[in-house]
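For reference, the structure discussed in these notes is given below.
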Amino acid sequence: MTQESIQAELTLVWEEFKGRFKNKHLNDVLERKFAFSIPEQSEILITGINPSYQLHDDRLLRYKYSDIKHRYFTILRKIIPTAINGASIKASYLDLFYYRNTEQAVLNDFNKEQQLGVEFLSKQLNVTQKIIEWIAPQVILVMNKGSWKFWGKEPKHTWMGYEVRVINDSLEFGELYEIVGLQNNVDRVTPELTQTSLIGTRVYFSKYLKRVSNANLELIKAEIHSAISEIKFL
């Protein structure tokens, strides 16, 4: 997936939904344009929900995880390992959605727009899932509980529709799963995807880090290291 192809696909999505929502704030959000991290193939993929937004601050329009200077990413770099068992590993970052808004509660506003809002989210996730498959990480860190449902982890929500099996759901902070395939559901956001490159990929589902204490950050760091320490990175 190239920066140009992502730009082209998201431009089509924004053109399709621009000005169509009943909620004026949502139309204003689309007027801010979209933002995304430039995809990088990596062993570890960190995912969030959507880019934040500050007026006159375009640092996050296009960026790489390794280069961006922002408090949130500084925290991530403190807890994500760069080497396991002597092997160097690379991490990259991807948001599930591309609209720019700091308060993540706006996701509920899109859902309240019923079919139109669901379609807007689904078409973004279609792009996201193709990027994830291209990255083909061995470990995915889902760093926000509000985004757990989009992976197919919760039975009543399909979205990307990964079939996952639990490895450890009794950790102190997160939960550890493994991808075993794709759900056989017609409402997956990427029905053209019949196979996944992520079989065997471990997924650590974490809570949001924004207000996490230093003690819990150390706990998360330890859980992540433990979750992936037995993996033989290529």
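Every number here is computed from the coordinates shown, using simple stated rules; none is lab data. All values reported here derive from a predicted model rather than from experimental measurement. Virtual Cβ from ideal backbone geometry, glycine too; neighbours counted across all protein chains shown.
For Asp67 and Thr194 in one chain, what is 0.36 nm times their gap in residues minus the Cα-Cα distance, to one decimal in nm? Provide the component values of the computation, followed by the final result.
Values: separation 127, 0.36 × 127 = 45.72 nm, distance 3.42 nm.
Extra length from Asp67 to Thr194 when fully extended: 42.3 nm.
Roughly speaking, what is the stretch gain from Phe233 to Thr11, that is 0.36 nm per residue apart minus the C-alpha to C-alpha distance, in nm to one decimal? Please list the in-between numbers first.
Details: separation 222, 0.36 × 222 = 79.92 nm, distance 3.58 nm.
Full extension of this stretch gives 76.3 nm more.
What percent antiparallel are the DSSP beta bridges of the chain, to the nearest 5? Don't skip to the answer; put the middle values down first.
Details: 14 of 29 bridges.
Here the share of antiparallel DSSP bridges comes out near 50 percent.
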- Query: Across 10 Å bins from the origin, how do the percents of Cα pairs in the chain run, short distances first?
  - Reply: 7, 33, 38, 19, 3, 0
- Query: Counting pairs of Cα atoms in the stretch 40-143, how many percent are more than 24 Å apart?
  - Reply: 30
- In the stretch 102-233, what % of DSSP beta bridges are antiparallel (nearest 5)? 70
- Rounded to the nearest 0.05, what FRET efficiency do Asn108 and Leu209 have when you use their Cβ-Cβ distance and R0 = 30 Å? 0.90
- Task: Would you pull out the residues with amide H under 5 Å of Tyr53's amide H, same chain only if 5 or more places away, H placed 1.01 Å from N?
- Result: Asn101, Thr102
- Message: I need the phi-derived Karplus couplings for the stretch 37-42: 6.51 cos²θ - 1.76 cosθ + 1.60, θ = phi - 60°, integer Hz, Gly and Pro marked x.
- Response: 7, 6, x, 9, 5, 7
- Residues whose built amide H sits under 5 Å from the amide H of Ile140, excluding neighbours closer than 5 in sequence, are Leu45, Arg202, Val203, Tyr204
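Name the helices (complete DSSP H segments) of the chain with a Cα length along the long axis of 20 Å or more and a Kyte-Doolittle mean of at least -0.5, or state none. Don't skip to the end; give the middle numbers.
Working: long enough: 3-17 (21 Å, -0.17); 115-135 (30 Å, 0.21); 214-228 (21 Å, 0.31).
In the chain, the long hydrophobic H runs are 3-17, 115-135, 214-228.
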